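S.K.: Before I ask anything, here is the structure I am working with.
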Amino acid sequence: MKASDLLVRALESEGVEYIFAIPGEENLDLLESLADSSIRLILTRHEQGAGFMAATYGRLTGKAGVCLATLGPGATNLVTPTAYAQLGGMPMVIITGQKPIKHSKQGQFQIIDVVDMLGPITKYTRQIVSGSSIPAHVREAFRQAEEERPGATHLELPEDIAREDTDAIPITASLSRRPVTEAKAVDYALSLLAEARHPVLVIGSAANRKRTANMLRAFVDKQGIPFITTQMGKGVIDEAHPLYLGNAAMSDGDFPHRALEAADLILNVGHDVVEKPPFVMNGAHKVVHINFQPARVDPVYFPHADMVGDIANSIWQLNEGIESQPHWDFEFMLKAREAMHQHMDKGAEGAAFPVLPQRLVRAVRRVMPEDGIIALDNGIYKIWFARNYPAYQPNTVLLDNALASMGAGLPSAMAARLVYPQRKVMAICGDGGFMMNSQEIETAVRLKMDLVVLILTDRAYGMIKWKQENMGLKDFGLDFANPCVITYACSYGAKGHRLEHTEELEGLMRDCLDAGGVHLIDVPVDYSHNVALLNEEIPRLSKGL
């Protein structure tokens, strides 16, 4: 068979459902092979959109998402989503084309060394130099993309190799199980837990990647130990739980940080290297690192003990090995929790217009069902949603606190819609991030998606403005203008809406979620109180506990 046919058969053998793509002339043999396959081609309007969608598919399913681009500029446009997947622990396989490698009449036209370019931001990258090597390369690319720690891999298929004849066949994935924590490590962690007076759980992004939620919930319910989540650990345990102490959305100074300062033992579950730990290592507490891989020690993170192995099994072993201790004391932690909730209510019901971020978060939580998915772009509102929006199920708040790239919110929501066609999905984007990949609205309309996109309008790069103001610098260089959202949406065949009064926000969002189709909602937002609230009021109140 033709080598491109073999590649498609190998992808089918890996269970690939979608390929997110902008093909070029170097991909035409592969495109023809895909036409007769079970794999659905999702044609996007920019390679970034394809890459972000593939990465989010991997994040939600645990199976590698696949994206396709041509050589040269097609491949370079995938650099950002490749880094997004790699830093965020999202399994993704990238396929790019290339000019013929045996004989070419085009010199160096469009040719760059894509394999070398992607090397630093992938786990595995190879040029395929013969059709017979395709099965091994595909199997290895998927194996490395999906195994802990997940990330991005890359295969380059040159034109002449794609046309080769080969009699090779796909390699079937072998059954494998993750190792479990060895007994001595478990016993040491149990001894630390038994000796502690104020233990606390911190749940990070790796706990959100695999099905650890049930074990963690059972542990918290049996032991009565409170828990805190990182931004990418939201929803692993239902955040309506009475022992949820809050999210470490801010670097420090918030109520959950006061609880951490009071702890003498931190069970750090699923801490990922890209997320800074929400606590400072000091002599007042000990830290147990519970993850699929050992801790990578650096000046801000040097745990006292490692439990290396399948996270769910590690938590199960802890839960089986100890009973709730009578000397455990969580009085101060629960006091911090109560103070946090009182402060979160402040401004959450206000009618001020433009909308305050606290009010916006509360409104979105009210209209979204428990299994509804919000996909956040990157901006100052991400802190407000991470902090104030309780997630009730794993992976229902898709935010990126790893690469933290703008432009990913809309494509991520679209991938969530493909994976979960029966759920309500909402993209939440700043007006800056939205315009970076807004052309994917056409893709969503063409695919007949039901999708609501909130565009939070402040006509500026608000996150940077917040930092600029907090540093005492003058307001300069961060303002811009926007197109009319209603006209813009209609030009793609979507529907556009502009919020005129805060009281109308919940009703408008509900109407759009229920109506079906693609809806863009322009929501003017007032961020003018961010410095006073996030940098001054919250640290002052939390220190006064």
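S.K.: In segment 107-126, what count of residues is obtained for those that are among the polar types (S, T, N, Q) and at pLDDT 95 or above?
M.R.: Number of matching residues: 2.
S.K.: Okay, moving on. Got a number for residues in segment 462-497 being in contact (Cβ under 8 Å) with a residue 60 or more places away in the chain and touching a Gly at 6+ places or on another chain (Cβ under 7 Å)?
M.R.: Number satisfying all stated conditions: 2.
S.K.: Looking for something assigned to a helix (DSSP H, G or I) and either modelled with pLDDT of 95 or more or not acidic (D, E) (or both) - is there at least one such residue anywhere in segment 494-501?
M.R.: No, segment 494-501 contains no residue that is assigned to a helix (DSSP H, G or I) and either modelled with pLDDT of 95 or more or not acidic (D, E) (or both).
Conditions tested, residue by residue: (1) more than 22 Å from P158 (Cβ to Cβ); (2) small (G, A, S); (3) touching a residue at least 60 places away in the same chain (Cβ under 8 Å).
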site	(1), (2), (3)
L30	no, no, yes
S33	no, yes, no
E47	no, no, no
T56	yes, no, yes
K63	yes, no, yes
L68	no, no, no
P73	no, no, no
L78	no, no, no
Q98	no, no, yes
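S.K.: Identify, by number, the condition in (1) in a helix (DSSP H, G or I); (2) closer than 21 Å to G89 by Cα that M340 doesn't meet.
M.R.: Checking M340 against (1) in a helix (DSSP H, G or I); (2) closer than 21 Å to G89 by Cα, the one that fails is (2).
S.K.: Considering segment 516-530 alone, what residues qualify as being at pLDDT 95 or above and either among the small types (G, A, S) or touching a Ser or Thr at 6+ places or on another chain (Cβ under 8 Å) (or both)?
M.R.: G517, D522, V523, P524, V525
S.K.: For segment 329-384, which residues satisfy the criterion of being crowded, with 17+ Cβ neighbours inside 10 Å and out of contact with any Leu (no Cβ under 9 Å at 6 or more places or on another chain)?
M.R.: Answer for segment 329-384, where residues must be crowded, with 17+ Cβ neighbours inside 10 Å and out of contact with any Leu (no Cβ under 9 Å at 6 or more places or on another chain): M344, L356, V361, R362, R365.
S.K.: List the residue pairs whose Cβ atoms are under 7 Å apart, where the first residue sits in segment 212-226 and is over 14 Å from P242 (Cβ atoms), the second is assigned to a helix (DSSP H, G or I) and of a type in the set (G, A, S), and the two are 6 or more positions apart or on different chains.
M.R.: The qualifying pairs are T212/A312; M215/A312; L216/A207.
S.K.: Moving on to the next point. State which residue pairs qualify: first residue over 16 Å from F227 (Cβ atoms) and inside segment 267-287, second residue in a loop (DSSP other than H, G, I, E, B) and among the aromatic types (F, W, Y) in any location, beta carbons under 7 Å apart, and separation of 6 or more residues or different chains.
M.R.: Sorted first by the residue in segment 267-287, then by its partner, the pairs are M281/F302.
S.K.: While we're on this one: Of these, A196, A213, which one is closer than 20 Å to W316 by Cβ, modelled with pLDDT of 90 or more, of a type in the set (G, A, S) and in contact with a Pro (Cβ under 6 Å, 6 or more places away or on another chain)?
M.R.: Every option except A213 fails the conditions.
S.K.: Any chance segment 98-106 includes a residue that's modelled with pLDDT under 95, assigned to a strand (DSSP E or B) and on the phi < 0 side of the Ramachandran plot?
M.R.: Scanning segment 98-106, I find at least one residue that is modelled with pLDDT under 95, assigned to a strand (DSSP E or B) and on the phi < 0 side of the Ramachandran plot, so the answer is yes.
S.K.: Further, regarding this structure: Return only the number of the condition from (1) aliphatic (A, V, I, L, M); (2) surrounded by 19 or more Cβ atoms within 10 Å (Cβ to Cβ); (3) out of contact with any Leu (no Cβ under 9 Å at 6 or more places or on another chain) that V129 does not satisfy.
M.R.: (2)
S.K.: Can you name the residue in segment 294-318 that is in contact (Cβ under 8 Å) with a residue 60 or more places away in the chain and in a loop (DSSP other than H, G, I, E, B) and, of all such residues, is surrounded by the fewest Cβ atoms within 10 Å (Cβ to Cβ)?
M.R.: H304
S.K.: Would you say I42 is within 30 Å of A427 (Cα to Cα), of a type in the set (A, V, I, L, M) and in contact with a His (Cβ under 8 Å, 6 or more places away or on another chain)?
M.R.: no
S.K.: Could I ask something else about it? Looking at I441, is it over 15 Å from the mean Cα position of the chain (by Cα), buried (at least 24 other Cβ atoms within 10 Å of the Cβ) and hydrophobic (A, V, I, L, M, F, W, C)?
M.R.: yes
S.K.: A follow-up question, please. Looking for whichever is farther than 26 Å from A295 by Cα, aliphatic (A, V, I, L, M) and free of Cβ contacts under 8 Å to residues at least 60 places away in the same chain here; the options are A168, A136, A173, A162. Which one fits?
M.R.: A136
S.K.: Would you point out the residue of segment 22-68, among those that are among the hydrophobic types (A, V, I, L, M, F, W, C) and within 18 Å of P100 (Cβ to Cβ), that is surrounded by the most Cβ atoms within 10 Å (Cβ to Cβ)?
M.R.: L30
S.K.: Name the residue, out of L157, L190, that is outside the structural domain of P81 (by TED's automatic domain parsing) and either crowded, with 16+ Cβ neighbours inside 10 Å or modelled with pLDDT of 95 or more (or both).
M.R.: Only one candidate qualifies: L190.
S.K.: If you don't mind, another one. Quick check on segment 127-146. Is at least one of its residues among the hydrophobic types (A, V, I, L, M, F, W, C), assigned to a loop (DSSP other than H, G, I, E, B) and at pLDDT 90 or above?
M.R.: yes
S.K.: Can you tell me how many residues in segment 490-518 are under 15 Å from M368 (Cα atoms) and buried (at least 19 other Cβ atoms within 10 Å of the Cβ)?
M.R.: Counting residues in segment 490-518 that are under 15 Å from M368 (Cα atoms) and buried (at least 19 other Cβ atoms within 10 Å of the Cβ) gives 5.
The values are calculated or read from the model by the stated rules, or taken from the named source; none is laboratory data. Here the structure is a predicted model, which means the values were calculated and not measured. Note that we place each Cβ from the backbone using ideal geometry, even for glycine, and neighbour counts take in every protein chain shown.
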